[in-house]
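As structure tokens, the structure follows; a few thoughts come after it.
The values are calculated or read from the model by the stated rules, or taken from the named source; none is laboratory data. As the structure is a prediction and not an experimental result, all values here were calculated from the model. With ideal geometry, Cβ positions are generated from the backbone for all residues, glycine too; neighbour counts draw on all protein chains shown.
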């Protein structure tokens, strides 16, 4: 059996014990979280969230890509979110490589560079500030509460980044 087969089996058990829930589509806390795809981030547990309370928008690094902005725009315009948390984290993989080197390797191997930035950075606080600034400057994101944080993957703590 593959990992995916195991997960499908787990889903069957989940469905059997889940029961029927009729949660509204709009998140109850009117909150959207832009965060990293890192598998060590359990934001439901760390923030005390429950199903139906917040939108979690995840990508490598939790950066404000065009698609992240698109998701936030839809979250705000169609589903009523009014607050945004940007959560990056300690020991992120994006801190461990040089973007130009990887771009060059890709160009050599594939014949072209990706049309997007990969998001490498050296200072997590600065990257949080840059992401928040990008969101605040976007004409597609409503003037709303946007705050930035760093999640410590070792102890689960959340630290606010002074903007």
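Here's a check for you: in region 1-36, which residue that is touching a residue at least 24 places away in the same chain (Cβ under 8 Å) and either exposed (fewer than 13 other Cβ atoms within 10 Å of the Cβ) or over 20 Å from residue 86 (Cβ atoms) (or both) is farthest from the chain's Cα centre (by Cα)?
That would be 21.
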Going by the structure shown, is residue 128 over 19 Å from residue 32 (Cβ atoms), surrounded by 11 or more Cβ atoms within 10 Å (Cβ to Cβ) and within 18 Å of the chain's Cα centre (by Cα)?
no
Within region 80-125, restricting to residues that are touching a helix residue (DSSP H, G or I) at 6+ places or on another chain (Cβ under 6 Å) and more than 15 Å from residue 63 (Cβ to Cβ), the one that is surrounded by the most Cβ atoms within 10 Å (Cβ to Cβ) is 81
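Residues checked against (1) under 24 Å from residue 162 (Cβ atoms); (2) at pLDDT 95 or above:
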position	(1), (2)
21	no, no
24	no, no
36	yes, yes
81	yes, yes
112	no, yes
Residue 101: passes all of (1) more than 17 Å from the chain's Cα centre (by Cα); (2) under 20 Å from residue 34 (Cβ atoms) but (2)
Please tell me if residue 154 is surrounded by fewer than 14 Cβ atoms within 10 Å (Cβ to Cβ) and assigned to a loop (DSSP other than H, G, I, E, B).
yes
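Can you give me the number of residues within region 37-65 that are assigned to a helix (DSSP H, G or I), surrounded by 14 or more Cβ atoms within 10 Å (Cβ to Cβ) and either without any contact (Cβ under 8 Å) to a residue 60 or more places away in the chain or under 9 Å from the mean Cα position of the chain (by Cα) (or both)?
Result for region 37-65: 3.
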Filter region 66-79 for residues that are surrounded by fewer than 14 Cβ atoms within 10 Å (Cβ to Cβ) and out of contact with any strand residue (DSSP E or B) (no Cβ under 9 Å at 6 or more places or on another chain); which is farthest from residue 29 (Cα to Cα)?
66
Restricting to region 116-126, give me the number of residues that are in contact (Cβ under 8 Å) with a residue 12 or more places away in the chain, part of a helix (DSSP H, G or I) and out of contact with any strand residue (DSSP E or B) (no Cβ under 6 Å at 6 or more places or on another chain).
1
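Being in contact (Cβ under 8 Å) with a residue 60 or more places away in the chain, within 26 Å of residue 70 (Cβ to Cβ) and outside any loop (DSSP other than H, G, I, E, B) narrows it down to one of 102, 135, 94, so name that one.
Values: 102 fails: in contact (Cβ under 8 Å) with a residue 60 or more places away in the chain; 94 fails: in contact (Cβ under 8 Å) with a residue 60 or more places away in the chain.
Among 102, 135, 94, only 135 is in contact (Cβ under 8 Å) with a residue 60 or more places away in the chain, within 26 Å of residue 70 (Cβ to Cβ) and outside any loop (DSSP other than H, G, I, E, B).
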Could you pull out the residue among 147, 159 that is outside any helix (DSSP H, G or I), without any contact (Cβ under 8 Å) to a residue 24 or more places away in the chain and in contact with a strand residue (DSSP E or B) (Cβ under 9 Å, 6 or more places away or on another chain)?
159
